[in-house]
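To keep things clear, I will list the structure first and then write my remarks on it.
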Amino acid sequence: MKLGIVCHPTYGGSGVVASELGLALSEKGHQVHFVSHELPFRVPAAHPDVRFHKVDVTSYPLFQYPPYTLALASKLFELSAHEGLEVLHVHYAVPHASAAYLCRQMLGKGGPRIVTTLHGTDITLIGIDNSFYEITRFSIEQSDRVTAVSDYLARETQSHFRLEQEIDVVPNFIDSRTFHPGHRTAERRLAYAAPGEHLIGHLSNFRSVKRVPDVIRTFALVQRELPSRLLMIGSGAELEPARQLAGELGVGDRVNFLGPVLNVAEVLAQLDLFLLPSEYESFGLAALEAMACGVPVVCSKAGGLPEVVEEDVSGLLCAVGDYQCMAKSVIALLQDGERHQRLREGAHRSAVGRFPRDRVVAMYEKIYQELLES
């Protein structure tokens, strides 16, 4: 099949999933074209089996904001016409599904089928804004198939937009060849923590919805009881406030802000525990990646996270904002070596058993094939 994958290139779950999916599809012999305004974060710059098409947006004095949706629609039209794309798989309803619809209208009959995957923010933040509600609803309805990454997100979407069409739940997935406990070595771990110190981590795009200050507050309470270090992986608007809060709470010298990391699996595998206190997660890909590396997760009971992290099997859950509960959970788990080891094993087993790459990629292939045969 000839597939176009449209996604945000930034350090976030939707871009990561879209990138990993495209690479997996190319391994299975499909022709894959990535389309975005920058090379997606996890797509190698010189990958032999995929092609990247950059969307250039020219700034004119007439426009206060660059018209990215229109530029994307034009690029998709050009690519579909020249390459004969059969399916456009767009990640996020706005602006990507909107641009795919415009592309198909320009092509007329015989244009590519549109699959829209919803990842969360496009529904829970952008989609419910009055400025975008109707265009989001329209873009979803004009898609040939719609998928959501969790049962929770599928229900929320149908409720918010009063949709009658079916939404397929296709979860995020993990590539166990990349994310596994085997990366953990004493030598690598010493780069981040001394012997006898616990190593805790957080990975996100540092948006406010991730409640990054709660990571720092939780760690500060843990550090009072147990000698520990904290790794903060990623970048975003909340990074500097988090750094400042760590200093105010007296743990600045115990927190290592790594920024975006390419070899993230190798870093995650060194952790003893992963923190994710998000206000909302449609799925929680970072939690899944940590689990696959054999790292238990302490997270908030929000959105789709309970579908990923099983209580006392692969991690522990607390109410949103209750960082004291999170700290108590972390301390209790790290002090109980037998239980901690059980959750380590449970986290890895759950990740690779419930969310394997090949099974999920096959679900998307089935959707594409059904569309092309209909």
Flag for Leu317 being hydrophobic (A, V, I, L, M, F, W, C) and not in a helix (DSSP H, G or I):
yes
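Somewhere in the stretch 128-137, is a residue assigned to a helix (DSSP H, G or I), at pLDDT below 95 and of a type in the set (S, T, N, Q)?
Just the residues of the stretch 128-137 that are assigned to a helix (DSSP H, G or I), to begin with: 133-137.
If we keep only those that are at pLDDT below 95 too, we end up with 133-137.
Applying the additional criterion that residues be of a type in the set (S, T, N, Q) yields 136.
Checking the stretch 128-137: at least one residue is assigned to a helix (DSSP H, G or I), at pLDDT below 95 and of a type in the set (S, T, N, Q).
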Please pick out the residue among Ala327, Ala351, Ala362 that is of a type outside the set (Asp, Glu) and over 30 Å from Ile5 (Cα atoms).
Ala327
Considering only residues that are surrounded by 18 or more Cβ atoms within 10 Å (Cβ to Cβ) and over 25 Å from the mean Cα position of the chain (by Cα), which ones fall in the stretch 222-238?
Val222, Gln223, Ser228
Can you tell me how many residues within the stretch 269-287 are more than 14 Å from Ala302 (Cα to Cα) and over 15 Å from the mean Cα position of the chain (by Cα)?
6
Within the stretch 244-295, how many residues are modelled with pLDDT of 95 or more, among the aliphatic types (A, V, I, L, M) and part of a loop (DSSP other than H, G, I, E, B)?
5
Quick one: would you say Val313 is touching a strand residue (DSSP E or B) at 6+ places or on another chain (Cβ under 9 Å), in contact (Cβ under 8 Å) with a residue 12 or more places away in the chain and either not aromatic (Phe, Trp, Tyr) or not assigned by TED's automatic domain parsing to the domain that holds Phe219 (or both)?
no
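Restricting to the stretch 173-206, name every residue that is over 28 Å from Thr10 (Cα atoms) and of a type in the set (Asp, Glu). It would help to see each step written out before you state the result.
To start, the set of residues in the stretch 173-206 that are over 28 Å from Thr10 (Cα atoms) comprises 185-187, 190, 193-198.
Answer for the stretch 173-206, where residues must be over 28 Å from Thr10 (Cα atoms) and of a type in the set (Asp, Glu): Glu187, Glu197.
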Unmet criterion (only one of (1) in contact with a Leu (Cβ under 6 Å, 6 or more places away or on another chain); (2) buried (at least 18 other Cβ atoms within 10 Å of the Cβ); (3) on the phi < 0 side of the Ramachandran plot) for Gly284
(3)
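For every residue, the table says whether it meets (1) in contact (Cβ under 8 Å) with a residue 60 or more places away in the chain; (2) polar (S, T, N, Q); (3) surrounded by fewer than 22 Cβ atoms within 10 Å (Cβ to Cβ); (4) within 20 Å of Arg162 (Cβ to Cβ).
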position: His96; (1), (2), (3), (4): yes, no, no, no
position: Cys103; (1), (2), (3), (4): no, no, no, no
position: Thr116; (1), (2), (3), (4): no, yes, no, yes
position: Ser131; (1), (2), (3), (4): no, yes, yes, yes
Looking only at the stretch 47-85, filter to residues that are of a type in the set (S, T, N, Q) and under 20 Å from Ala18 (Cβ atoms); which one of those is surrounded by the most Cβ atoms within 10 Å (Cβ to Cβ)?
Ser80
Just one of Leu271, Leu262, Leu258, Leu245 is surrounded by 24 or more Cβ atoms within 10 Å (Cβ to Cβ) and of a type outside the set (Lys, Arg); which is it?
Leu271
Can you pull out the residues in the stretch 177-226 that are in contact with a strand residue (DSSP E or B) (Cβ under 6 Å, 6 or more places away or on another chain) and either of a type in the set (Lys, Arg) or assigned to a strand (DSSP E or B) (or both)?
His198, Leu199, Ile200, Gly201, His202, Leu203
Condition first: within 22 Å of Leu102 (Cβ to Cβ), in a helix (DSSP H, G or I) and within 23 Å of the chain's Cα centre (by Cα). Now tell me which residues in the stretch 141-160 satisfy that.
Thr157
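The values are calculated or read from the model by the stated rules, or taken from the named source; none is laboratory data. Computed from a predicted structure; not experimentally measured. Methodologically, a virtual Cβ is constructed for each residue, glycine included, from the backbone with ideal geometry; neighbour enumeration extends over all protein chains shown.
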